[in-house]
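Colleague: Input: one structure, supplied below.
Please treat every number below as a calculation from the coordinates, not as lab data. Predicted, not measured: the structure shown is a model, and the values here were computed from it. As a convention, Cβ positions derive from the backbone with ideal geometry for all residues, glycine included, and neighbour counts pool all protein chains shown.
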2 protein chains.
Amino acid sequence: MDNNRIFIFDTTLRDGEQSPGASLNIYEKLEIAHQLAKLNVDVIEAGFPVSSPAQFDAVKRISDEVDVVIAGLARAKEIDVKAAYDALKSAKRFRIHTFSSTSDIHIMGKFADERYGRSLSEKQETIIKMSRDAVAYAKTFTDDVEFSAEDAGRTDLIYLSEVIEAAIEAGATTVNIPDTTGYTFPSEFGLKIAELKKRVKNIDKAIISVHCHNDLGLAVANSLSGIENGARQVECTINGVGERAGNASLEEIVMALKVRKDLINYYTNIKTEEIYNASKMVSSFTGIVVQPNKAIVGENAFAHESGIHQDGMLKNRQTYEIMTPESVGVPKTKIILGRHSGRHGLSSRLIELGYKVNEEELQKVYQSFLDLADKKKEIFDEDLRMLMGDQVHVKADELYELEYIQVNMGTNTIPTATIRIKSKDKFLQESATGDGSVDACFNAIERALNIKPELESYHVRSVTSGRQAMGEVIVRIRKNGNTFTGRGISTDVIEASTKAYIQALNNQHNFLKRQEEEARETISLSEISQAV
Amino acid sequence: MDNNRIFIFDTTLRDGEQSPGASLNIYEKLEIAHQLAKLNVDVIEAGFPVSSPAQFDAVKRISDEVDVVIAGLARAKEIDVKAAYDALKSAKRFRIHTFSSTSDIHIMGKFADERYGRSLSEKQETIIKMSRDAVAYAKTFTDDVEFSAEDAGRTDLIYLSEVIEAAIEAGATTVNIPDTTGYTFPSEFGLKIAELKKRVKNIDKAIISVHCHNDLGLAVANSLSGIENGARQVECTINGVGERAGNASLEEIVMALKVRKDLINYYTNIKTEEIYNASKMVSSFTGIVVQPNKAIVGENAFAHESGIHQDGMLKNRQTYEIMTPESVGVPKTKIILGRHSGRHGLSSRLIELGYKVNEEELQKVYQSFLDLADKKKEIFDEDLRMLMGDQVHVKADELYELEYIQVNMGTNTIPTATIRIKSKDKFLQESATGDGSVDACFNAIERALNIKPELESYHVRSVTSGRQAMGEVIVRIRKNGNTFTGRGISTDVIEASTKAYIQALNNQHNFLKRQEEEARETISLSEISQAV
């Protein structure tokens, strides 16, 4: 095996999806998975099959459709490993990824129960046994087994080495060292990897992987330090999405390695021109915005404003850029479509933007495209992304459908909205006032449906190309500690807001319905331990 | 001098302000400067005085009012250094910060003209002389002089050492080593600092400073590596704002040092509980959003969603957090104000949020507060921040003022808006349709004012606390390569959008007016070289 090759393990759909409010439906996950395949990642971690039927289903559908190594997460328990196998087995190539907690603080916290042992060292023994057994069991299903030592960043080296050695002995072909808290510094983390390489006798039988979190802004630096000290797989996410301050950004790691080959000679197989599409798709579907000053994929990543910079730019393009926009897939020229572009023009551009649509889906999108073309002459990439986002959502079962909306507002007018919603075969119609247009609409919806959710957040994104921008609104509502996201698009922000709110309510309804159906099947929260 | 002390040099108002669309007016800069003083930064770089009268004015006003070391930027030319002195001289303590380009690529690019020398080595000599002279001249005004070697990251060590040594010999007390392209890796950058410490004979007479950019996501790691190798000043910005992927984030560096004292024993004098207020103020005034997964100050930085994390949280708070929300100033409890809170309740809370208001300003804000309290019962911190943002803007000269707005939209209604604007003593009134409510308003404004700017972006932020959210809209328009930002707030997003658009037009008008007035005074772009 080429020793300069770095494997990219993308966990956008598993660890990334754990971001608050980021839950994706199956269609969104499939689109993202297909884009990750275009990006040419080495492994797609598609979910945590045992944790819920929706997770199981996502891993299974992605295994059915996407030709990349698909991984499923599993605690170190037979039930988890078996569930992962069942979800993954239709994949051409798959990996079972099992994990155990190894730090004192996690062990005492999560394995407090005496059945794991009375003292810390007894519990540590139990964990080694559990890890060994889980890996061995996974090996009966596949040769490709990964083992993670959760919270390795705070695990002492001796014990960590024992656990890793046991996992490799049982057959793990990849061993993953996460910095779960995002607490570690690059030199410290690199040293840990180097020490493991030295101490673990059978380390050459496995690939060392790293998985870093960004709580101190060091996720990428820690990952690179891991590579420099012997790691050959990096677990990361698009846009660095993930819990708290997120995971290491795939795009930052990949481009850092690419632009500084002169310094550290490692390479990935990533098709970097697909980075931009992947980034846009993930931020669009999750609703997690990418700030303008985000490395590689932020709006300003390639923009120069001050006269000073511009002056430098004019004289010599090398002056301030270290990578080109084209190399990460930022479109050089705006492609503008219109009514005249036809189905073929539309479908070509959709493919270029990373979407996979079959005939039936294309017909629906084309209809939405024509409706939009009636309103705005020029249709840009961002409009298409929004149409696709909307399309993907429409496939999910919708309890409530917006039939009619009407709003009046003004300086001397109390904002007043009238809403009509179709629910199964009934029509629910109401009017309400509010302190603003959107508030009036939301009040009318709540009056019509007789509900009162807690509004957690409301974001509007607008297509910035051209005068008649499409508005994309993301609404998050909260119920019993769960957050539901709804997205609406329209050339009118009031209509987009209303559609978004209704979709959030639909998602909430679907979740609760599923929860009732699955009450016996879902593993209780107290039994699910921390993923890496 | 205590060798573990790290000095924090904040350049939010200079380098940060160079972010596209981030231009701040004088009142916003003053508010931010006061907050930076509360944060207890060591130096505030307030601007680049020679570059325009607005920049000069900002540095002067901040020097008048804020009791922290105030720095002004200057190229290595007498005219710049003198301008910096003139702007800074009223400060209790001030620093003149002068710079020269040192990399081959910058030298050949910007000092192409033969008057700087014919060959690269001749030009290099010229630059040493210019740097020496500029520092010496600055020393006639103050003892506190900083010298930066622009693009040091790509400058060979020998020449860099010569330039630095010359600057220190001429009297520079701080020497700054930037990574202008954001291209460097931590070990490489740290090595450069260590080598300078060894080679530059008089290095002990100055403090070494670092200034890193985030193009590969390594700004913080590079800054920390600099510290570990001898740097004792870090230049950084709030939220990491700055051109392209931005600067090193002040909050990430400060908290990394604070939480890992066990590993690297350095400290700053930053009052970390002021971080949150500073972050909110900067993102609000610049309109540059902070993504949810931003370290330290992102919305999700302290949020846990998956059952797994929550389970860990319940058993032992130490499990996943490495710093507490309170330590960075995230409010533990929501403070809710209302009509009954009175002027005193309002002014107390404003002070707690980091704002400084005099009696006259308080009266105006209190009036807006009461107007808002009529519409929404509960007023949260976010509402107050928005009122303050609006307040600060109102102080600037406004050519256009929104007098009246009226909008109708609906499923079977063509969105139609009527707008009336007051301009000087005239009233301009028009109606227009659009493909949505906001588009109709913008069309009506453009018809009334007979203009057609290019809309660059449109963002809506909503207060998420409580049902009746305030909407904050940020509109950016573009004219002749310049971007102008406008912000509007209202409980109605249509009204907020309209106010924002008008404010952007006001800012554009003010800029163009100033440009005409200053045509003779402003240094031409071709002469202003790259700031660090």
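Colleague: Output the direction-averaged projected area (hull surface divided by four) of the convex hull of the alpha-carbon atoms of region A:131-172, in nm².
Modeller: On the way: hull surface 10.7 nm².
Directional mean of the projected Cα hull area for region A:131-172 stands at 2.7 nm².
Colleague: Residue by residue through region A:112-127, which ³J(HN,Hα) values in whole Hz follow from phi under the Karplus form 6.51 cos²θ - 1.76 cosθ + 1.60 (θ = phi - 60°), with glycine and proline marked x?
Modeller: Going residue by residue, I get 5, 4, 5, 5, 8, x, 8, 9, 4, 5, 5, 4, 4, 4, 4, 5 Hz, with x marking Gly and Pro.
Colleague: With an 8 Å cut-off on Cα pairs and a minimum separation of 6 or more residues, tell me the relative contact order of region A:168-257 in percent. Mind showing how you got there, number by number?
Modeller: On the way: 158 pairs, mean separation 26.8, N = 90.
Over region A:168-257, the number comes to 30 percent.
Colleague: While we're looking at this one, here's another question. Would you mind telling me the antiparallel percentage of the DSSP bridges in region A:384-459, rounded to 5? Numbers along the way, then the final one.
Modeller: Details: 17 of 17 bridges.
Antiparallel bridges make up about 100 percent of those DSSP assigns within region A:384-459.
Colleague: About its Cα centre, what dipole magnitude does chain B give when the only charges are +1 on Lys and Arg Cβ and -1 on Asp and Glu Cβ, stated in debye to the nearest 20? If you can, show how the numbers build up before the last one.
Modeller: Details: 65 positive and 78 negative charges, 113 e Å.
About 540 debye.
Colleague: Output the direction-averaged projected area (hull surface divided by four) of the convex hull of the alpha-carbon atoms of the protein assembly as shown, in nm².
Modeller: Values: hull surface 163.8 nm².
Orientation-averaged projected area of the Cα hull: 41.0 nm².
Colleague: Let me ask something additional. What pairs from A:Lys499/B:Lys280; A:Lys82/A:Lys198; A:Lys60/A:Lys479; A:Lys129/A:Lys513; A:Lys123/A:Lys294 go past 31 Å between their alpha carbons? Mind dumping the intermediate values first?
Modeller: On the way: A:Lys499/B:Lys280 29 Å; A:Lys82/A:Lys198 33 Å; A:Lys60/A:Lys479 28 Å; A:Lys129/A:Lys513 39 Å; A:Lys123/A:Lys294 42 Å.
Too far apart for the 31 Å limit: A:Lys82/A:Lys198; A:Lys129/A:Lys513; A:Lys123/A:Lys294.
Colleague: Go ahead and run the numbers for FRET between B:Asn265 and B:Asp204, Cβ-Cβ distance against an R0 of 30 Å, rounding to 0.05.
Modeller: 0.90
Colleague: Identify the residues of region A:472-515 with backbone N under 20 Å of a label point that sits 7 angstrom from the Cα of A:Lys426 along the Cα-to-Cβ direction, or state none.
Modeller: Hits in region A:472-515 for A:Lys426 at 20 Å: A:502-514.
Colleague: If you don't mind, another one. Can you work out the Karplus-derived ³J(HN,Hα) for every residue in region B:151-158? Use 6.51 cos²θ - 1.76 cosθ + 1.60 with θ = phi - 60°, whole Hz, and x for glycine or proline.
Modeller: 3J(HN,Hα) across region B:151-158, in whole Hz: 6, 4, x, 10, 9, 5, 4, 5.
Colleague: Which percent, to the nearest 5, of DSSP beta bridges fully inside chain B are antiparallel? Show your work: numbers first, answer last.
Modeller: Values: 36 of 72 bridges.
Given both bridge residues lie in chain B, the antiparallel proportion sits at roughly 50 percent.
Colleague: Another one. Each residue of region A:360-375 in order: what ³J(HN,Hα) in whole Hz does its phi give by Karplus 6.51 cos²θ - 1.76 cosθ + 1.60, θ = phi - 60°, with x for Gly and Pro?
Modeller: 5, 5, 4, 4, 5, 5, 4, 5, 4, 4, 5, 4, 5, 4, 5, 8
Colleague: How much mean residue ellipticity at 222 nm does the protein assembly as shown get from its helices, if each DSSP H run of length 4 or more adds -39500 (n - 2.57) and you divide by all residues, to the nearest 500 deg cm²/dmol?
Modeller: Values: 32 runs with 426 residues, N = 1064.
Using -39500 (n - 2.57) per qualifying helix, the result is -13000 deg cm²/dmol.
Colleague: While we're here: Within 10 Å of each Cβ in peptide B:403-409, how many partner chain Cβ atoms are there on average? Round it to a whole number, please. Before the final figure, lay out each step's value.
Modeller: Details: counts 1, 3, 5, 6, 8, 6, 11.
Per-residue shielding by partner chains comes out at 6.
Colleague: Let me ask you something else. Once amide H atoms are placed 1.01 Å from N in the peptide plane, what residues at a sequence separation of 5 or more from B:Ile177, or on another chain, have their amide H within under 5 Å of its amide H?
Modeller: B:Ser209, B:Val210, B:His211
Colleague: In whole percent, what relative contact order does region A:132-195 give with Cα contacts below 8 Å and a gap of six or more residues?
Modeller: Working: 77 pairs, mean separation 26.3, N = 64.
Normalised by residue count, the contact order of region A:132-195 is 41 percent.
Colleague: Give me A:His213, B:His106 ranked fewest to most by other Cβ atoms within 10 Å of their Cβ, as a rough exposure proxy.
Modeller: Arranged by neighbour count, lowest to highest, A:His213, B:His106 become B:His106, A:His213.
Colleague: Something else: Measuring from label point to label point, each 7 Å out along Cα→Cβ, what is the B:Asp156 to A:Glu122 span in nm?
Modeller: A separation of 6.8 nm, rounded to one decimal place.
Colleague: Using the Kirkwood formula on the Cα atoms of region B:81-125, what hydrodynamic radius do you get, in angstrom to one decimal?
Modeller: Working: mean 1/r = 0.0795 Å⁻¹.
Mean inverse Cα-Cα distance, inverted, gives 12.6 Å.
Colleague: Sticking with this one: Every other copy gets compared here: list the nm distances from the B:Asn3 label point (7 Å along Cα to Cβ) to its counterparts, shortest first, one decimal.
Modeller: Taking the point 7 Å beyond Cα along Cα→Cβ, the inter-copy spacings are 3.8 nm.
Colleague: Take the alpha carbon atoms of region B:21-62, find their center, do the same for region A:240-295, and report the distance between the two centers in whole angstrom.
Modeller: 33
Colleague: A further question follows. Between region A:69-140 and region B:118-135, what's the alpha-carbon centroid distance in Å?
Modeller: Value for the Cα centre distance between the two parts: 64 Å.
Colleague: Averaging sequence separations of C-alpha pairs under 8 Å and six or more residues apart, then dividing by the length of chain B, give the relative contact order as a whole percent.
Modeller: Details: 1064 pairs, mean separation 66.5, N = 532.
Taking the mean separation of contacting Cα pairs over the length of chain B, I get 12 percent.
Colleague: Find the Cα radius of gyration of chain B, compare it with 2.2 N^0.38 Å by division, and give the number to two decimals.
Modeller: Details: Rg = 24.6 Å, N = 532, 2.2 N^0.38 = 23.9 Å.
This ratio for chain B stands at 1.03.
Colleague: Would you mind listing the distances between the A:Arg339 label point and the same position in each other copy? Use 7 Å along Cα-to-C-beta, nm, one decimal, shortest first.
Modeller: 5.2
Colleague: In peptide A:106-114, what is the residue-averaged number of other protein chain Cβ atoms found within 10 Å of each Cβ? Numbers along the way, then the final one.
Modeller: On the way: counts 6, 0, 4, 10, 6, 0, 2, 0, 0.
The mean count of partner-chain Cβ atoms within 10 Å per residue comes to 3.
Colleague: To continue, here is another question. What does DSSP give for the protein assembly as shown in terms of the percent of beta bridges that are antiparallel, rounded to the nearest 5?
Modeller: Values: 80 of 152 bridges.
Roughly 55 percent of the DSSP beta bridges within the protein assembly as shown come out antiparallel.
Colleague: What nm distances, shortest first, do you get from the label point of A:Glu403 to those in the other copies when the point sits 7 angstrom along Cα to Cβ?
Modeller: Its label point is 4.3 nm from the equivalent points in the other copies.
Colleague: Which distance in Å, rounded to a whole number, links the C-alpha centroids of region A:157-192 and region A:328-380?
Modeller: If you average the Cα positions of each part, the centres end up 47 Å apart.
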